[in-house]
Amino acid sequence: MKPWPHCQSPREETVRARRDFAWPKLLTADGRGIAFGGDYNPDQWPEDVWDDDIRLMTQAGVNTVALAIFSWDRLQPTEDHWDFGWLDRIIDKLGKAGIAVDLASATATAPLWLYENHPEVLPRDKYGHPVNAGSRQSWSPTSPVFKEYALTLCRKLAERYGANPYVTAWHMGNEYGWNNRDDYSDNALEAFRAWCRRKYGTIDALNQAWGTTFWGQEMTGFDEAFIPRFMGADSMVNPGQKLDFERFGNDMLLDFYKTERDAIAEICPDRPFTTNFMISTDQCCMDYAAWAEEVDFVSNDHYFHEGESHLDELACSDALVDSLALGKPWYVMEHSTSAVQWKPLNTRKCKGETVRDSLAHVAMGADAINFFQWRASAFGAEAFHSAMVPHAGEDTKLFRQVCELGATLRALADAGVQGSGLAASDTAILFSAESEWATRSETLPSMKLSHWHDVRDWYRAFLNAGARADIVPLAYDWSSYKTIVLPTVLILSDADTRRLAGFVQAGGRVVVDYATGLLDERFHTWLGGYPGAGDGLLRSMLGVRGEEFNILGAGAEGEPNEIRLTGTGDSSTMDGAVTRLWQNDVTVAGPHVQVLATYAGEEADEWELDGTAALTRNAYGAGEAYFLGCDLGVSDLTRFVSGWLAVQPQSSRQPQVNSQSQSSRQPQVVGATPDVLHTVRQSDDAIFDFYLTRGRSDVELRGIAGEPIVLFRAERGSDGGAYTVHRNGVLVVKRPNPSL
Ligand code: GLA
Ligand code: GLA
């Protein structure tokens with residue numbers, strides 16, 4: 001395994017103890033290359049199709065596949081009978097063709113005989129009903145019986161393939177928790193009680209944490225601690241208990257992953273392990289900041305959003321993945337060549353997006369581009385999901401695009417992109433899985449809150465302002481950034497609030513929004529006025545104090561559904577901005593607080609908000625702290641970012657043109673503009689600039705230094721330095737690293 005090349009990133013110092021990263025080798029002469037391929041399910045096809053698969057894979061430049069993800073029943077057709085023959089044959093065929101195998105632990109789906117013999121391994125839903133077998137992940141991660149069977153399979157696979165030169169990585173499970181995130185079985189109940197005991201030590205501490213004096217639910221021992229099973233219609237679950245149950249579910253699946261991984265590692269210690277995360281801005285299954293510490297390389301599954309936010313959403317999700325990978329390369333384990341089949345309406349990708357999306361992942365730090373799946377299934381639940389080889393076969397637009405992508409990735413690898421790290425931004429938007437789980441509670445002032453969506457809106461606002469932010473887990477060390485944004489980080493512990501205040505004291509800039517810092521990690525509200533995190537430290541840092549929330553959006557007849565903002569003093573930056581969800585009625589309490597915008601107008605007056613501060617800035621220590629007291633849409637956030645944070649594109653429509661005074665031999669590299677997503681990957685000796693158009697129009701880029709490596713839906717002008725990049729186009733340029 002290759003050591004990682006050095007890359008300058010503040011993220012390198014961000015994390016606690018974790019496994020050293022290791023990257024799977026390819027079967028190329030030096031083991032290097034951008035990995036390209038997908039999930040391969042040869043067990044769905046007669047063996048005579050396999051040779052055709054290999055021929056087409058070779059044609060497309062596929063150099064890796066993820067194999068046997070759902071093949072347990074083929075490997076162990078009955079409890080006493082194992083059949084590895086077919087897997088031996090296909091691994092051998094693939095390897096001889098130079099295609100590396102990322103071999104699954106195959107435990108994502110269990111054979112039916114296991115459920116028949118041991119129905120107790122099935123999870124239970126919140127009503128206490130056993131989940132029926134017949135799909136994926138129909139197993140309880142806390143079932144000792146299931147674990148025993150799963151580990152036997154892991155060991156068998158490790159013994160058989162641990163030394164196989166074609167198996168270069170282990171793909172553990174598949175999307176842990178997608179179908180069995182919440183298990184209400186008796187196994188889970190017992191494990192939850194043990195988990196609570198470990199975490200809290202005494203029942204008094206647990207009673208306090210869950211606030212069980214509320215509705216008279218005090219427990220006298222851990223055997224009275226329950227998982228939040230259904231308690232009758234309209235019964236609200238204790239939100240502290242529910243949050244702990246979320247953490248517990250995360251921990252149990254992570255433990256299960258580690259146990260499986262270690263069973264294989266004992267026999268086969270020298271191949272890297274991963275499991276595919278599910279990071280996209282509509283999902284928050286797991287606390288991946290904890291998972292990332294346990295994989296040898298970070299890998300993710302990402303499925304696109306249709307419409308205008310397509311690229312932004314992809315980049316936003318990837319920004320979090322890249323932080324989890326500490327700015328080192330990571331793996332796209334799955335994305336789609338075009339439509340999926342699991343939405344009510346399954347839109348195709350638009351012109352150029354099949355190749356563009358993959359290149360966008362590379363632009364955001366990926367060194368491996370893989371799809372679900374290689375060949376479209378002829379039957380089953382996913383037959384209408386797009387694939388690398390569609391139902392119509394090789395003579396198709398889609399397969400030709402797959403081949404074009406393979407060649408493009410090869411060109412990027414040849415140019416040395418592999419191993420380069422994504423350059424960090426000076427702004428971090430903080431992400432907290434716990435805050436996302438908490439915003440889903442039905443006990444909050446509004447059920448329209450979403451931490452992740454607010455993170456995404458801020459991310460897009462920075463892109464609109466011509467800048468790119470990083471997305472960094474709250475748990476990490478973000479102190480080397482210049483600006484930190486906390487969008488609906490509902491839960492802030494005392495320790496995190498102190499870190500934040502220390503960061504601002506030392507000269508940092510912080511933006512805190514309307515629903516940040518309301519709760520502590522037990523789901524207790526911080527008292528004394530909102531946002532009270534850190535026993536009022538957050539309030540003092542911001543210089544504001546809120547008494548009530550103003551919640552809109554219920555659609556009540558005759559009530560306003562939005563409130564307008566107006567700038568104060570000389571500033572009109574926020575004039576006409578609109579809030580539609582949540583406003584804080586803060587009073588300003590501090591000698592250094594500047595009010596930058598207030599609520600105004602008839603609607604504001606009706607809710608007693610007229611003249612109330614909506615946006616403030618406080619000088620605190622050597623830094624500054626902004627408070628945005630209401631939700632805003634992306635375009636209004638953009639105004640704030642480009643106006644108050646003074647984040648400006650280097651120019652708007654046309655990226656920078658060299659002025660006469662600048663040396664034409666050393667053109668300035670164009671920075672980001674709102675029209676392009678510009679990212680920089682750097683290795684020891686080279687810098688790669690990626691430019692991807694964000695809108696519908698062509699973008700002219702001038703003053704770009706370096707040699708073009710990729711021109712996808714882009715052309716170079718006759719004067720050499722100018723480029724036109726079309727909709728969904730990508731330009732990649734290589735230049736020497738000046739730090740050498
Ligand atoms: C009911 C209950 C109270 C309280 C309120 C809240 O009236 O009796 O205990 O839950 O609803 O509105
Ligand atoms: C997930 C799974 C795959 C497949 C795809 C379909 O990512 O891991 O097996 O079901 O979804 O989009």
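Brief remarks on what is shown
- Estimated vicinal HN-Hα couplings, Hz - region 433-444 in sequence order (Karplus 6.51, -1.76, 1.60; Gly, Pro = x): 4, 5, 5, 5, 4, 5, 5, 8, 5, 8, 10, 8
- From most to least packed by mean Cβ count within 10 Å, the peptides 305-316, 543-554, 97-108 give 97-108, 305-316, 543-554.
- Residue-averaged 222 nm ellipticity for the chain, from DSSP H runs of 4+ at -39500 (n - 2.57), nearest 500: -8500 deg cm²/dmol
- Debye equation applied to the C-alpha atoms of region 85-184, log10 I(q)/I(0) at 0.24 Å⁻¹: -1.22
- Two-decimal log10 I(q)/I(0) for region 29-128, as the Debye equation yields it once each C-alpha is a single scatterer, q = 0.16 Å⁻¹: -0.75
- Surface accessible to a 1.4 Å probe, per residue, for the residues of region 483-541, Å²: 29 Å²
- Peptide packing for 198-207, 469-478 was compared via the average number of neighbouring C-beta atoms within 10 Å per residue; ordered from the highest value, the list is 469-478, 198-207.
- The alpha carbons of the chain stretch over 79, 76, 49 Å along the principal axes, in descending order.
- Candidate lysines for bridging to Lys734, where Cα separation is under 28 Å - those fewer than 8 sequence places away on the same chain excluded: Lys2, Lys25, Lys328, Lys351, Lys482
- Integer Hz, Karplus 6.51/-1.76/1.60 couplings in order for region 388-395, x for Gly and Pro: 6, 10, x, 4, 6, x, 7, 7
- Rounded to whole Hz, the Karplus (6.51, -1.76, 1.60) HN-Hα couplings of region 168-183, x for glycine and proline: 10, 7, 10, 10, 7, x, 6, 6, 3, x, 4, 9, 10, 5, 10, 10
- Residues Asp270 and Ser235, FRET efficiency given R0 of 35 Å [Cβ-Cβ distance, rounded to 0.05]: 0.10
- Sequence-distant aspartates and glutamates (8 or more away, or on other chains) whose Cα lies within less than 16 Å of Lys448: Asp282, Glu436, Asp457, Asp513, Glu562, Asp631
- Cross-link check: pairs Lys156/Lys199; Lys96/Lys397; Lys147/Lys242 evaluated at a Cα-Cα cut-off of 31 Å; pairs beyond the cut-off: Lys156/Lys199.
- Theoretical gain in end-to-end length, Arg400 to Ala556 [0.36 nm per residue, Cα-Cα removed]: 50.8 nm
- Straight-distance crosslink candidates among aspartates and glutamates, where the alpha carbon sits under 18 Å from Lys93 and sequence neighbours closer than 8 are dropped: Asp39, Asp43, Glu47, Asp48, Asp51, Asp52, Asp53, Asp83, Asp102
The values are calculated or read from the model by the stated rules, or taken from the named source; none is laboratory data. From a predicted model like this one, the values you see are computed outputs, not experimental measurements. Methodologically, a virtual Cβ is constructed for each residue, glycine included, from the backbone with ideal geometry; neighbour enumeration extends over all protein chains shown. Accessible surface is based on the protein model in full, side chains and every heavy atom, while ligands, DNA and RNA are left aside. Shrake-Rupley method; radii C 1.70, N 1.55, O 1.52, S 1.80 Å.
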